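Okay, structure first, notes after.
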Amino acid sequence: MKGKGENAIFKESEEPNGLNIKGIDFSSDVDLKTFIDSFESTGFQASHLGKAIEIARKMRKEKITIFLGFTSNMITSGVREQIRYLVQNKMVHCIVTTAGAIEEDIVKTINPFILGDFRLDGAELRKRGINRAGNVLIPNNRYIEFEKIFTPFLKKLLEEQKKTGKIITPSELCKRLGELGNESSFLYWAAKNNIPVFCPGITDGSMGDMIFFFKQENPGFKIDVTDDLTKLVDIVFAAKETGAIVLGGSLPKHHIMNANLMREGTKYAIYINTAIEADGSDSGALPEEAKSWGKASAGAESVKVQCDATIAFPILVAGAFLK
């Protein structure tokens, strides 16, 4: 007869279905594929990343329309190079991002950003004319050089607007800017490969500051975001099936998923961000919440990888998109 409490401690168990937990074993030869495939059975967020790689592989195999969304800090960081790789090789079909990503992509074609530290003195950096985004340093002269490109660009757009009466959209503006870039730029390759880049918050950044100053002398200059909304939803309707890969949260995440609501949701969805769902934000929302709105289909395969995208996204690209 079992003693007091033993029935609770030694309760008979059922055997669950699933993978055996096992991580990478470095005592044997390890190649890139073996390393990446090990994530699926490692547990915790590594297994979520493994599932994301599996979903991305399915997107590619089924040749569905892939929407890539990311916040500007991805271009601030070295994730820019992986995004450029996908666009250059036509592995994604539509991009939604924020204003900082557009301007910083062009800025980086002129001069690089510099690695700093999260704990640098902000007031001291301000005296030196250095801006900080996390542990990335962006000297003010980067924007001064960008202004030498962007203000003449705006003047040309205004001349065309006066001549034709046509108001440019943010996606057209992004394409035209990309044509001024070089091969290091994701915008350059998007323009070359005819991959639309949507930026519904076009004024939220240095470009917005420059547009503000430009409009002081040219109040008739306009940018039309409404035509882009129609263009984005038309891409959603034209697609046989859709999938989303979203780095970070904010406007790109919602803009992609909300557009896909028009077709009862994406077939696949991958989120990579560190936001939590506890505050009810769309950034922190899990894919299941998107299903409740019809932004992801009821049967959608989806996963959220709660991890810094600068760590997870390069692994995802290596696992699902590397040639």
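Say whether the condition of being over 18 Å from P252 (Cα atoms) and either touching a strand residue (DSSP E or B) at 6+ places or on another chain (Cβ under 7 Å) or part of a loop (DSSP other than H, G, I, E, B) (or both) is met by at least one residue in segment 68-76. There is no residue in segment 68-76 that is over 18 Å from P252 (Cα atoms) and either touching a strand residue (DSSP E or B) at 6+ places or on another chain (Cβ under 7 Å) or part of a loop (DSSP other than H, G, I, E, B) (or both). Can you tell me which residue within segment 109-135, out of those that are of a type in the set (A, V, I, L, M, F, W, C) and under 19 Å from T310 (Cβ atoms), is surrounded by the most Cβ atoms within 10 Å (Cβ to Cβ)? The qualifying residue surrounded by the most Cβ atoms within 10 Å (Cβ to Cβ) is F113.
May I ask you to say which residue of G201, G205 is closer than 21 Å to V107 by Cβ, of a type outside the set (A, V, I, L, M, F, W, C) and modelled with pLDDT under 95?
Only one candidate passes the filter, namely G205.
Say whether the condition of being in contact with a strand residue (DSSP E or B) (Cβ under 6 Å, 6 or more places away or on another chain), surrounded by 20 or more Cβ atoms within 10 Å (Cβ to Cβ) and at positive phi is met by at least one residue in segment 252-271. Within segment 252-271 (the criterion being in contact with a strand residue (DSSP E or B) (Cβ under 6 Å, 6 or more places away or on another chain), surrounded by 20 or more Cβ atoms within 10 Å (Cβ to Cβ) and at positive phi), the answer is yes, since at least one residue qualifies.
All of (1) more than 30 Å from S171 (Cα to Cα); (2) surrounded by 11 or more Cβ atoms within 10 Å (Cβ to Cβ); (3) touching a Gly at 6+ places or on another chain (Cβ under 8 Å) hold for K51 with one exception: (3). Can you find even one residue in segment 135-149 that is in contact (Cβ under 8 Å) with a residue 60 or more places away in the chain, over 13 Å from E104 (Cα atoms) and polar (S, T, N, Q)? No, the conditions are met nowhere in segment 135-149. Scan segment 158-174 for residues that are crowded, with 20+ Cβ neighbours inside 10 Å and assigned to a helix (DSSP H, G or I) and the total you get is 4.
Applying the set (1) touching a residue at least 40 places away in the same chain (Cβ under 8 Å); (2) assigned to a helix (DSSP H, G or I) to A123 leaves exactly one unmet item: (1). Scanning segment 1-23 for residues being modelled with pLDDT under 95, of a type in the set (A, V, I, L, M) and surrounded by 10 or more Cβ atoms within 10 Å (Cβ to Cβ) gives a total of 1. Buried (at least 18 other Cβ atoms within 10 Å of the Cβ), assigned to a loop (DSSP other than H, G, I, E, B) and not polar (S, T, N, Q): does that describe I138? Here the answer is no, as I138 does not meet what is asked. Exactly one residue out of E103, E40 is at pLDDT 95 or above, touching a helix residue (DSSP H, G or I) at 6+ places or on another chain (Cβ under 6 Å), over 24 Å from A296 (Cβ atoms) and not hydroxyl-bearing (S, T, Y), and it is E103. If you go through segment 59-74 one residue at a time, do you hit one that is under 12 Å from the mean Cα position of the chain (by Cα), closer than 16 Å to F313 by Cβ and of a type in the set (D, E, K, R)? The answer is no, given that none of the residues of segment 59-74 is under 12 Å from the mean Cα position of the chain (by Cα), closer than 16 Å to F313 by Cβ and of a type in the set (D, E, K, R). For segment 24-48, the set of residues classified as assigned to a loop (DSSP other than H, G, I, E, B) and either surrounded by 16 or more Cβ atoms within 10 Å (Cβ to Cβ) or not aromatic (F, W, Y) (or both) consists of I24, D25, S27, S28, D29, V30, D31, T42, G43, listed by residue number. Only one of the listed residues (K253, K240) is within 20 Å of M59 (Cβ to Cβ), in contact with a Gly (Cβ under 8 Å, 6 or more places away or on another chain) and of a type in the set (D, E, K, R). That residue is K253. Condition check for I24 on (1) closer than 26 Å to P196 by Cα; (2) touching a residue at least 12 places away in the same chain (Cβ under 8 Å): one failure, at (1).
The values are calculated or read from the model by the stated rules, or taken from the named source; none is laboratory data. From a predicted model like this one, the values you see are computed outputs, not experimental measurements. Glycine also receives a Cβ, built like all others from the backbone with ideal geometry; neighbour counts cover every protein chain displayed.
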